[in-house]
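I have placed the structure first, in the form of structure tokens, so that the comments after it can refer back to it.
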Amino acid sequence: MKPIVYLSLALFTVLMACKKNNNPAGTESFHYAYFPITLGSYWIYDVREINHDENAANPHDTLYYQLKTEIGDTLLDNEGRVVHRYYRYKRNAPSQAWQLTDLWTTVLANNKAELVEENIRKVSLCFPIKANTTWDPNQFNALTPQIAFYASLHEPFNNGFCQTDSTVKVVSAQELTLVSYKNQWETYGNAIGLVRKVYKDLQIANFDTLNAKQGKELYYDLLEYSH
């Protein structure tokens, strides 16, 4: 009976992959390649940022700039895990030099892709990537719990600069009320990483998502990457 017991335990471990500390790195069926974190990898995005404040001199202040993210060397986090430094640079035009703005950390562990943004630890992806998978991106921080899920799996993508046959779309917030609107999602390319991001967190009026009173919008589109 022992072989049967061991087999049952193994199957249970796979089924609970997003909850158990069992991360068989390199297992293609888990699709870890959607979140590459190789030392020296970088991504460059065109970014549009809109800050809404109906009481400001410019109630819908719009900024255009480029963002570069880069995987650096490793260090230990407060749990003793080996994580990568995650550098963020900005410039207002391609002719300008990059300016370092943030130093975050990132790790692929326990079947989760995590990013620590300004000391706020979030779960970007959960593995294995498959339909009906859900998780809370804020499970390791004090922010309001959310439910993230894969809205599409292994779909082609082309934004005019980056083209790939396989992407997954992660929706982390969808909410519409009389006075608030949230629409937050990210698209990741296989063997590429983040290729597109949309973030909307707005105060609105009368269910009108185009009538923003307060809040923020962010749009990322990948221009260039290297691994």
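Any idea what angle helix 2-15 forms with the longest principal axis of the chain, computed on alpha-carbon atoms, 0 to 90 degrees, nearest 10? Approximately 0 degrees, to the nearest ten.
The relative contact order of segment 2-226 comes to 19 percent, based on Cα pairs under 8 Å that sit 6 or more residues apart. Taking Ala97, Ala191, Ala212 in turn, the Gaussian network model of the chain (Cα-Cα springs below 10 Å) assigns the largest fluctuation to Ala97. Taking a point 7 Å out from the Cα of Ala191 in the direction of its Cβ, the residues of segment 67-108 whose backbone N falls within less than 20 Å of it are 71. For the peptides 30-39, 130-139, the ranking by mean Cβ contacts within 10 Å, running from highest to lowest, is 30-39, 130-139.
Just add up the charged neighbours of Arg48: K/R +1, D/E -1, any other residue whose Cβ is under 14 Å from the Cβ of Arg48. Within the 14 Å Cβ shell, the charges total 0.
Estimated at 0.36 nm per residue, the fully extended path between Asp208 and Asp46 surpasses their Cα-Cα distance by 55.6 nm. Which one, Ile44, Pro59, Ile120, projects farthest toward the positive side of the charge dipole computed for the chain from Cβ point charges (K/R +1, D/E -1)? It is Ile120, whose Cα lies furthest towards the positive end.
Considering helices alone, the calculated mean residue ellipticity of the chain at 222 nm is -2000 deg cm²/dmol, with DSSP H runs of length four and up weighted by -39500 (n - 2.57) and normalised per residue.
Let's see if you can work this out: charge +1 on each Lys and Arg Cβ, -1 on each Asp and Glu Cβ, no other charges. What is the dipole magnitude of segment 2-226 about its Cα centre, in debye to the nearest 20?
Its charge dipole is roughly 620 debye.
All of the numbers you see were taken from the coordinates with simple rules; none came from a lab. All of these numbers come straight from a predicted model, not from anything done at the bench. Methodologically, a virtual Cβ is constructed for each residue, glycine included, from the backbone with ideal geometry; neighbour enumeration extends over all protein chains shown.
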